[in-house]
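The values are calculated or read from the model by the stated rules, or taken from the named source; none is laboratory data. Since we're looking at a predicted model, the values are computed, not measured. Note that we place each Cβ from the backbone using ideal geometry, even for glycine, and neighbour counts take in every protein chain shown.
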Amino acid sequence: MADERAGRVADFIRPLRVEPGAKVNLADDYDPGYLAGVRGKKEGRRLLRAGIELLADLQRRLAAENSVGVLVCLQSLDAGGKDGTIRHVMSGINPQGVRVSNFKVPSAEELDHDYLWRYVRRLPRRGEIGIFNRSHYEEVLVVRVHPEHLVRQRLPEAARGPDVWDRRYREINDWERHLTDNGFRIVKLFLNLSKEEQRVRFLKRIDVPERNWKFSAADVRERARWDDYQHAFSEMLSATSTERAPWYVVPADRKWFARLCAGAVLAHTLLGIGPRYPDVGNAARRELAKVRKDLERQAPGRTARDGAR
Ligand code: AMP
Ligand code: MG
């Protein structure tokens, strides 16, 4: 039964996985409107609810086992649905076991260090799920599309030549390899939104007063660089999808479907870890049995004679 479920989850997410070594062209290879045969929103929501229960159970085991940590990296264009995905997918999970980190324009202190420093500081502990809302991948995305960000990083001349992006891909792969070798799993999700759906969501952010805060003029400037971003995403996916830490391209034009996919990829990863409640061993179990008897004897209304029976 459990194996069957794991198989279904694996089949569901297979088309989203970027094969390591594949040369990705986002526009040709991945459809933001793909729905994998799920019948509709109602069916999708039902599946997500079941997935959330599964995730909650797996997370409790992960925390109890306290050996493997999980890092979830979420990337997308503006209005791709990162915040809503985190809110929904993590809704059943004990907040003590999760840590969400948002990465914005780097601070002066962060710029005083190497570019991975601020991400290292926010890594999950063992037993924890760490979520990066934007991640170290911004270092080959927004920084690539806007070279002024690279200038602000004040790299020595030898480190900012034309090979800087290839070098960063290698460094990121090496860093992730180090993490996976040492008991941390990395889940990489790219929420793939179409240009038309982004337009619709921007309009909503302008028209609905409660959403105004989510919109900034900078978002429109970024939209004007759509093709540059598509190129940067395609290159990133091609260079950094590895066997140990593959990328998943999540169709993001329907929010409910994107959330279902994100939950499924996370569930797949946790099922692969197979975390178990620690077995305390025979000696500890005997001790527990002894303490249990003792506690029963202390129940109100019981006499010492009852307890002796
Ligand atoms: P938001 O997620 O809407 O709050 O926006 C955060 C902003 O920070 C986005 O415009 C990102 O492009 C920007 N940002 C995130 N990481 C970096 C980075 N490493 N360098 C420059 N800008 C970044
Ligand atoms: Mg924004």
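For the stretch 48-77, enumerate the residues that are touching a residue at least 24 places away in the same chain (Cβ under 8 Å) and of a type in the set (Asp, Glu). Step through it out loud before you land on a result.
If we filter the stretch 48-77 for residues that are touching a residue at least 24 places away in the same chain (Cβ under 8 Å), which is where we start, we get 48, 51-56, 58-77.
53, 65 - these are the residues of the stretch 48-77 that are touching a residue at least 24 places away in the same chain (Cβ under 8 Å) and of a type in the set (Asp, Glu).
Go through (1) at pLDDT below 95; (2) surrounded by 12 or more Cβ atoms within 10 Å (Cβ to Cβ) for residue 204 and report which single condition fails.
(1)
Does at least one position in the stretch 106-115 carry a residue that is assigned by TED's automatic domain parsing to the domain that holds residue 141, within 29 Å of residue 26 (Cα to Cα) and of a type in the set (D, E, K, R)? I'd like the intermediate steps shown before the answer.
Taking the stretch 106-115 and keeping what is assigned by TED's automatic domain parsing to the domain that holds residue 141, we get 106-115.
Next cut, within 29 Å of residue 26 (Cα to Cα) only: 106, 115.
With of a type in the set (D, E, K, R) added as a condition, the list becomes none.
No: zero hits.
Pairs only if they're at least six apart or on different chains, beta carbon under 6 angstrom, first in the stretch 101-113 and closer than 17 Å to residue 133 by Cβ and at pLDDT 95 or above, second assigned to a loop (DSSP other than H, G, I, E, B) and near ligand 1 (Cβ under 8 Å from one of its atoms); list them, first residue then second.
Correct list of pairs: 103/134.
Test each condition in (1) in contact with a helix residue (DSSP H, G or I) (Cβ under 7 Å, 6 or more places away or on another chain); (2) surrounded by 12 or more Cβ atoms within 10 Å (Cβ to Cβ); (3) assigned to a helix (DSSP H, G or I); (4) of a type outside the set (Gly, Ala, Ser) for residue 212 and report the one that comes out false.
Among (1) in contact with a helix residue (DSSP H, G or I) (Cβ under 7 Å, 6 or more places away or on another chain); (2) surrounded by 12 or more Cβ atoms within 10 Å (Cβ to Cβ); (3) assigned to a helix (DSSP H, G or I); (4) of a type outside the set (Gly, Ala, Ser), the lone unmet condition for residue 212 is (2).
Quick one: what pairs do we get from the stretch 209-227, first residue under 15 Å from residue 76 (Cβ atoms) and among the aromatic types (Phe, Trp, Tyr), second within 12 Å of ligand 2 (Cβ to nearest atom) and part of a helix (DSSP H, G or I), C-beta under 9 Å, 6+ apart or different chains?
From residues that are under 15 Å from residue 76 (Cβ atoms) and among the aromatic types (Phe, Trp, Tyr), the pairs are 226/198.
Which residue out of 220, 265 is in the same structural domain as residue 128 (by TED's automatic domain parsing), within 16 Å of ligand 2 (Cβ to nearest atom) and outside any strand (DSSP E or B)? Spell out how you get there, then give the answer.
On the way: 265 fails: within 16 Å of ligand 2 (Cβ to nearest atom).
Just a single option satisfies the conditions, and that option is 220.
Please enumerate the residues belonging to the stretch 67-78 that are surrounded by 14 or more Cβ atoms within 10 Å (Cβ to Cβ) and away from ligand 2 (no atom under 16 Å from the Cβ). Before the answer, list the steps.
The initial filter retains those residues of the stretch 67-78 that are surrounded by 14 or more Cβ atoms within 10 Å (Cβ to Cβ), namely 68-78.
Result: 68, 69, 70, 71, 72, 73.
For the stretch 102-128, enumerate the residues that are touching a helix residue (DSSP H, G or I) at 6+ places or on another chain (Cβ under 8 Å) and buried (at least 16 other Cβ atoms within 10 Å of the Cβ).
Answer for the stretch 102-128, where residues must be touching a helix residue (DSSP H, G or I) at 6+ places or on another chain (Cβ under 8 Å) and buried (at least 16 other Cβ atoms within 10 Å of the Cβ): 103, 106, 110, 115, 118, 119, 127, 128.
Among the residues of the stretch 60-78, write down those that are under 29 Å from residue 203 (Cβ atoms) and in a loop (DSSP other than H, G, I, E, B). Quick ask: steps written out before the conclusion?
First pass over the stretch 60-78, keeping only residues under 29 Å from residue 203 (Cβ atoms): 73-78.
77, 78 - these are the residues of the stretch 60-78 that are under 29 Å from residue 203 (Cβ atoms) and in a loop (DSSP other than H, G, I, E, B).
Any residue in the stretch 152-170 that is of a type in the set (Asp, Glu) and not in a helix (DSSP H, G or I)? Steps first, please.
Taking the stretch 152-170 as the starting set, the residues that turn out to be of a type in the set (Asp, Glu) are 157, 163, 166.
Now drop any that are not not in a helix (DSSP H, G or I), which leaves 163.
Yes; the residues of the stretch 152-170 include at least one that is of a type in the set (Asp, Glu) and not in a helix (DSSP H, G or I).
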